[in-house]
Amino acid sequence: MYTELEGKTVIITGASTGLGKAMALRFGQEKANVVINYHSKEENVKEIIQEIAQNGGRAISQKGDVSKEEDIKALIQSAHESFGSVDIWVNNAGIENEVPSEKMTLENWKEVIDVNLTGTFLGCREAINYMLDHKIKGKIINISSVHEQIPWPHFVHYATSKGGVKLMTETLALEFAPKGIRINNIAPGAIETPINAVKFADPESRAAVQDLIPIGYIGKPEEIASVAAWLASNESSYVTGTTIFADGGMTKYPSFQGGNG
Ligand code: NAI
């Protein structure tokens, strides 16, 4: 637990499911004020807010599409009106779908880029403006992916978006370090969330993914939430412009294990 997070306000995008939900619950346990942005699964949000309240935190929700400027502005407005501050912003919302590149339509491409890349930029820009205006030495945490580094055939839009988030984070971190705003990425490996539900329901596909993970198991959302809490805390005070890979070793060339290569 990080006592300095108590009473801080955190906005998390795409927080009605998966990693966003786990981060909302974790920041709730830290007694932060949690602003849950959601796009779908409205039915989950009430439960998340209740659980946060039971743990002594406070939470509100705000529906919105991260790729729309007006929705991002409404999100920060609602956080400010409810809690009077925005100290931490987590750009978590993301989508993926499999399309061989030669068949990828402009619509397919734009859909993923708009949410994963443009949505992250809009969130960063809004958070930075707010933090500068209010002289807050805030923290921004972007959720990229191991595919900021690992190429992914059939997911060129996704890999491109996450590679873009990597350099966006590094560039903004450099630009705003003198103002005390720290900006970092978390790159999850394969984590048990709805984005992977169909793939992991098939035993063969699940086993194929598991073979890519040296630590031997598919990650849990809480294992990403704990990295986010650390990045938001004072314990990571000297960390900015970097990616923390929370991937069970997936990016460490597992095919070389056992002396191969
Ligand atoms: P998820 O599908 O449960 O969560 C994604 C969330 O984003 C959903 O709640 C969805 O409603 C929301 N969302 C989608 N479009 C939106 C929009 N336009 N505006 C606002 N919210 C929107 O999946 P998961 O795994 O929790 O994904 C969270 C993030 O983690 C994504 O950025 C994903 O790319 C990333 N990630 C996940 C990995 C995994 O294995 N689960 C691995 C690497 C990265």
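Arranged from fewest to most other beta-carbon atoms within 10 Å of their beta carbon, VAL10, VAL239 become VAL239, VAL10.
Using C-alpha pairs below 8 Å separated by at least 6 residues, the relative contact order for segment 180-257 is 52 percent. Structural descriptor for the chain: relative contact order 19 percent, calculated from alpha carbon pairs under 8 angstrom and at least 6 residues apart. Pairs of lysine in segment 1-148 with Cα under 15 Å and at least 8 positions apart or on different chains: total? Eligible lysine pairs with Cα atoms under 15 Å apart amount to 11. The shape of segment 122-192 comes out prolate: with a ≥ b ≥ c from the C-alpha gyration tensor, a/c is at least 1.5 and a/b beats b/c. Working ranking of peptides 247-260, 117-130, 143-156 by packing, defined as the average number of other Cβ atoms within 10 Å per residue, highest first, is 117-130, 143-156, 247-260. Couplings 3J(HN,Hα) for segment 81-86, derived from phi with the Karplus relation 6.51 cos²θ - 1.76 cosθ + 1.60 (θ = phi - 60°), are 5, 7, 10, x, 6, 9 Hz, where x marks Gly and Pro.
Would you work out if segment 1-60 is rounded, prolate or oblate? Take a ≥ b ≥ c from the square roots of the eigenvalues of the alpha-carbon gyration tensor; rounded if a/c is under 1.5, else prolate when a/b is larger than b/c, oblate otherwise.
It is prolate, given that a/c is not under 1.5 and a/b is the larger ratio.
Mean separation of Cα pairs under 8 Å and 6 or more residues apart, divided by the residue count, gives segment 170-221 a relative contact order of 34 percent. For segment 35-178, a/c is not less than 1.5, where a ≥ b ≥ c are the root eigenvalues of the C-alpha gyration tensor, and a/b does not top b/c. That puts it in the oblate class. With the helix formula -39500 (n - 2.57) applied to DSSP H stretches of n ≥ 4, the chain reaches a computed 222 nm mean residue ellipticity of -13000 deg cm²/dmol.
Values in this text are rule-based calculations from the coordinates and carry no lab data. Just so it is clear, the structure is predicted and the values come from calculations on it, not from any experiment. Using ideal geometry, Cβ is built from the backbone for each residue, glycine included, and neighbour counts are taken over all protein chains shown.
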